[in-house]
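The values are calculated or read from the model by the stated rules, or taken from the named source; none is laboratory data. What you see is a predicted model, and the numbers here were worked out from it, not measured in a lab. Note: ideal-geometry Cβ built from the backbone for every residue, glycine included; neighbour counts use all protein chains shown.
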Amino acid sequence: MAEYNDHIDRELFERIESYILNRMEPATRAAFEAEMENDESLRNEVALQRNLVGAVEALSFAGKTSGNTKIAPVKKISRVWLYGAAAAATVLLVLLLRFFSSPSPSADSLFAGFFEADPGLPVVMSSGDNHYDFYDGMVSYKEQDYTKALSIWKDVVTPSDTLTYYMGMANLNSGNTRATIEYLEPIAGNDSSAWQQKAIWYLALAHLKESNTPAAIEWLNRLQDNEQAKRLKEDIENL
C-alpha cells in the first residue's frame, strides 16, 4: 500500500501543483521527474494530488482548470482531510451524473408508477343467482382475460354502476383508455355512486395515459383528501 506523509508543506505542494498543471519550465520539470524517480514518497504524493485535481475537474464538468486558478493553498494539510475531500467529491460526482443522465419523467412513466389494477370482486355464485353473468365475467376478469369478461358483460340485461365500473377497468387493463374514459366518466360525475372515488382516480390515470394532463389534473382536483392523488398531481405539474 502506498505511504504518504501525514502533512505537506506549502513549498512542496506548490511544486507538485506546478508539475501537475504543466506550469514548470522544461528543465525544472525534468529535474523534478528525476527527483521522483528516486523518491517513492514524492511519487505517491504527486499521484494523490493528481487524483484530487481530477476529482475537482470532473465536478466542474469542464475538464480543465484555469491557468490562474490555484488549488486551495495548503500548509500542513491533514491526510485524513484530503482523503475525505476526495471521497466526498467522488460521491457528489456520481450523484450529479446520475441526475443529469436520468431521463425526464413522462406521462407514460408516471402512469406506470401510479397504476395498480383493481383486483376485482370476490366471486360467489349459485344456480339461482340473478347476477350469474356478472360473476361469470368477474371470473374471467380475475383471470386477466379481459376480452372474455367484456364479452360476457355486454350481454348483462340489467346494468349497474358496479358493472359499468368494471367494464371500464377491463378496458383500462387492456390498454383501451378511450373506452375506459367513456365508461368511467358517468360514474365519476355521479355523487351518489359508491364507485365515484375509484372511478375518478382511474379516470385521471386514463387521461394521463392519453397524455391529456389538463383533464387528469382536473379529475385529481376532486380527490383533495387523497395523498396519492396529491402526489400524482404534483408530478404531472412538474412534467
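Observations on the structure shown:
- Some residue of region 175-196 being in a loop (DSSP other than H, G, I, E, B), small (G, A, S), in contact (Cβ under 8 Å) with a residue 12 or more places away in the chain and surrounded by 16 or more Cβ atoms within 10 Å (Cβ to Cβ): yes
- In region 212-236, the residues that are of a type in the set (S, T, N, Q), part of a loop (DSSP other than H, G, I, E, B) and modelled with pLDDT of 95 or more: N212, N221
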